[in-house]
Each structure stands twice: as structure tokens, then as C-alpha cells.
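As C-alpha cells, the structure follows; a few thoughts come after it.
The values are calculated or read from the model by the stated rules, or taken from the named source; none is laboratory data. It should be emphasised that the depicted structure is a prediction, and the values quoted were computed from it without experimental measurement. Here the Cβ positions follow ideal geometry from the backbone for every residue, glycine too, while neighbour counts run over all protein chains shown.
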Amino acid sequence: MVMKNYPPEFKSDAVALVLSRPDRTITSIARDLGVSRETLRVWVRAAQARGEGAQDGTGGAAAVRPSSSGHIPSDDVLEKENKQLKARIRELEQERDILRKATKLFAGETNW
């Protein structure tokens, strides 16, 4: 079996994705990224041993929705929703960037 070398940036992005998404399994994230489940698990454990953690700790919580009764939410509710939406945007951008890097990595490995 051929050992693949992944760039450190790809590894750190993959670990950050796992740590920021407690609702998803390592297996599903590894499958999405095209890496071995065990490889990703080793990267995560190494990062945890170094003391790295999730960036904002929200874990992709659902945003607060304003009621449909015409009631205008308070500033606190709007700030909370805004914060959650920004966290979700960061998470989606991170996932997109990881997938772009994985695509470039695997496209470079093909010998058509």
C-alpha cells in the first residue's frame, strides 16, 4: 500500500473540521475528504494532545428564528442569531476550502 503525504495545512483544516462538527462522525468526514478514517483519527488525537480545540465551540447550533406572529425580536436575540449565522458561514467556508484543497491534491495524483 502506498503511503500518501498530506500537506500540514490540509491536516490542520481536516482536524478543525472534525473538532467543529461534533454532530458528524470521523468516518463520514474522512469519507468526504477522501482520507482513511484511521489517519484522520490519528491527526485529531495528535491535535488534541497538543491542546488544539474547536474555534468557537458552537458546534453548528441551529439559529434562533423570529416568530411568525409579526413580533420584532429584541437586539439580544438578533445579536445571538447573527453570531450563530456568522459561525455557520465560517464553518461552511472552511468545509469548502478543505474540499477545494482535497480536489487539487487528488487531481495532481492522477496520471491520465
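Please give the number of the condition residue 4 fails out of (1) exposed (fewer than 14 other Cβ atoms within 10 Å of the Cβ); (2) in contact with a helix residue (DSSP H, G or I) (Cβ under 7 Å, 6 or more places away or on another chain).
(2)
Which condition from (1) surrounded by 14 or more Cβ atoms within 10 Å (Cβ to Cβ); (2) at pLDDT below 90; (3) touching a helix residue (DSSP H, G or I) at 6+ places or on another chain (Cβ under 7 Å); (4) not hydroxyl-bearing (Ser, Thr, Tyr) is the one that residue 61 breaks?
So residue 61 meets the others, but not (1).
Please name all residue pairs, on different chains or six or more residues apart, with Cβ atoms under 8 Å, provided the first residue is in the range 12-41 and is aromatic (Phe, Trp, Tyr) and the second residue is surrounded by 14 or more Cβ atoms within 10 Å (Cβ to Cβ).
Filtered contacts from the range 12-41: no entries.
Collect the residues in the range 82-112 that are modelled with pLDDT under 90 and farther than 18 Å from residue 15 by Cα, keeping them in residue-number order.
104, 106, 107, 108, 109, 110, 111, 112
Please verify whether residue 28 is modelled with pLDDT of 90 or more, under 14 Å from residue 95 (Cα atoms) and not aromatic (Phe, Trp, Tyr), treating the condition exactly as stated.
yes
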